[in-house]
1. Can you name the residue in the stretch 1-53 that is within 11 Å of ligand 1 (Cβ to nearest atom) and polar (S, T, N, Q) and, of all such residues, is least open to solvent (accessible area, probe 1.4 Å)?
2. Determine whether GLU88 is modelled with pLDDT under 95 and either buried (at least 20 other Cβ atoms within 10 Å of the Cβ) or not assigned by TED's automatic domain parsing to the domain that holds SER367 (or both).
3. How many residues are farther than 16 Å from VAL411 by Cβ, modelled with pLDDT of 95 or more and either in contact with a His (Cβ under 7 Å, 6 or more places away or on another chain) or open to solvent by 50 Å² or more (accessible area, probe 1.4 Å) (or both) if we restrict to the stretch 302-335?
4. Quick one: in the stretch 24-48, which of the residues that are in contact with a Cys (Cβ under 7 Å, 6 or more places away or on another chain) and assigned to a loop (DSSP other than H, G, I, E, B) is nearest to ligand 2 (Cβ to nearest atom)?
5. Considering the stretch 92-104 alone, what residues qualify as being surrounded by 22 or more Cβ atoms within 10 Å (Cβ to Cβ) and either small (Gly, Ala, Ser) or within 16 Å of ligand 1 (Cβ to nearest atom) (or both)?
6. Only residues that are crowded, with 20+ Cβ neighbours inside 10 Å and over 20 Å from ARG336 (Cβ atoms): list them for the stretch 394-415, please.
7. In this structure, does THR381 turn out to be hydroxyl-bearing (Ser, Thr, Tyr) and either touching a helix residue (DSSP H, G or I) at 6+ places or on another chain (Cβ under 8 Å) or open to solvent by 30 Å² or more (accessible area, probe 1.4 Å) (or both)?
8. Which residues, counting only those in the stretch 79-121, are more than 16 Å from ligand 2 (Cβ to nearest atom) and of a type in the set (Phe, Trp, Tyr)?
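The values are calculated or read from the model by the stated rules, or taken from the named source; none is laboratory data. The shown structure was predicted, so the numbers you read here are calculated from the model rather than taken from an experiment. Here the Cβ is made from the backbone with ideal geometry for all residues, glycine too, and neighbour counts use every protein chain on show. Only protein heavy atoms, including side chains, enter the accessible area calculation; ligands, DNA and RNA are left aside. Shrake-Rupley method; radii C 1.70, N 1.55, O 1.52, S 1.80 Å.
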Amino acid sequence: MSGPNLLQQLDYSVLQQCIHCGMCLPTCPTYEATKHETSSPRGRIALMRAVADGRLAPNSPQFADEMYFCLGCLACETVCPAGVNYAEMIEYARAEVESGGAKAGAQRGLIRAFALRWLFAKPHRLRWIARFLRVDEAAGFSRAFVLLLPRRLRDLRAQQPKICDKFSFDLIRETESPRTPHRYRVGLLVGCVQDVAYSDVNRDTVDVLLANGCEVFTPRGQSCCGSLMGHNGELELARKLARQNLDAFPLGRLDAIIVNSAGCGSFMKRYRHLLPDDPRVKLWDEKVHDIHEWLVRIGIQAPRESAQPTTRVTYHEACHLVHGQKISQQPRELLRAIPGVELVELPEATWCCGSAGIYNITQPEMSQALLERKVKHIAATDALIVATGNPGCIGQIRYGAQKSGLDIKVVHPITLLARAYRGEL
Ligand code: SF4
Ligand code: SF4
């Protein structure tokens, strides 16, 4: 082995946090599925430390496989009595895997270069590809071709979220003000997948913020939050995108930066770890708020009473909301405030649905097993609607429900609140 590896650049005390107590084991989906110590949080941390200590080669296949078999769900962080910073460790560990080259291959390299370094690195490129997919969806050009693909690729196509007719900047003006004098001025992140496949959720978010006295600034120069890259071993690119967002949002003129995607919010609240030398990150991390967290903090206007019959709604906790940001009660509080909503608890609400960024693409078997488990629990609630605060979870659960013939709507909690304000519920 030559030269310091990436895990050696991580503060060694982070790798020493684990006290080997094993309390995380029952909460880890990959350990529960395999009962292998190396597929547990404790086992993975031991592998990372072995690489940092030079006892295990960074290009070891076992190290590479375990780092990518991990969902990154952070359930281990929630229960850990020692407060391990697993989020940071797994990011460095995956970057280590990439620099070690254990998973290198021409096809994988090409896909990563296209998706991570080209497509998601610039929002306008993603919008161009999304426009193409939208035309294709409508005209059905590739429908016959898709039937010729292997089953795995057909499944992937079926999991692709529907592209919206309009993207966020078509639906949201750069500055929108409430009718009454604003109480707060906030910035809004539109996201990448969220922008092209769930732009309606971004519009709903603006409507809810306006209804609660917030002027909303949606800067055109913003970029992807960087989580996709940060979680997949591309830390330098994630840093570049984080800097672009720091430049795009005028921190001094905003009370908060609002994020409605759990994965983005969780990553953006940790820019201080990504860019420790940037003087802006302390204030940035203080100002980034998940939408549910922000609304409960400022107190919401009660939506108007509903003339509709009561609807049973259940709530799935996105990993990066409940484990990544420790936000669990706020979405429930908002849902309970909506007249006509009866909130029923979902068994194992905090157990990952298998979406986990691009995990459903890279680890399809494990992802499907988790999805089936989730859908079974959802069916048992007899709910008509599942609410969840992350685009990945919305797409994954929609796909799982459709596949198993479960007639249920999957929406963002903020969409329900926006509909209540508009008198549509
Ligand atoms: S709960 Fe925390 S300290 Fe205990 S084994 Fe798991 S990671 Fe280590
Ligand atoms: S992030 Fe999730 S899958 Fe990975 S070790 Fe922690 S609990 Fe297990």
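1. SER40
2. Answer is yes for this residue.
3. 5
4. Looking only at the stretch 24-48, we keep the residues that are in contact with a Cys (Cβ under 7 Å, 6 or more places away or on another chain), and these are 24, 27-30, 40-42, 44-45.
Then drop every residue that is not assigned to a loop (DSSP other than H, G, I, E, B), which leaves 24, 28, 40.
Values: CYS24: 6, CYS28: 3, SER40: 6 Å.
Residue satisfying both the conditions and the ranking: CYS28.
5. TYR92, ALA93, ALA95
6. Hits for the stretch 394-415 are ILE394, GLY395, GLN396, ILE397, TYR399, GLY400, ALA401.
7. No: the conditions fail for THR381.
8. Selection gives PHE114, TRP118, PHE120.
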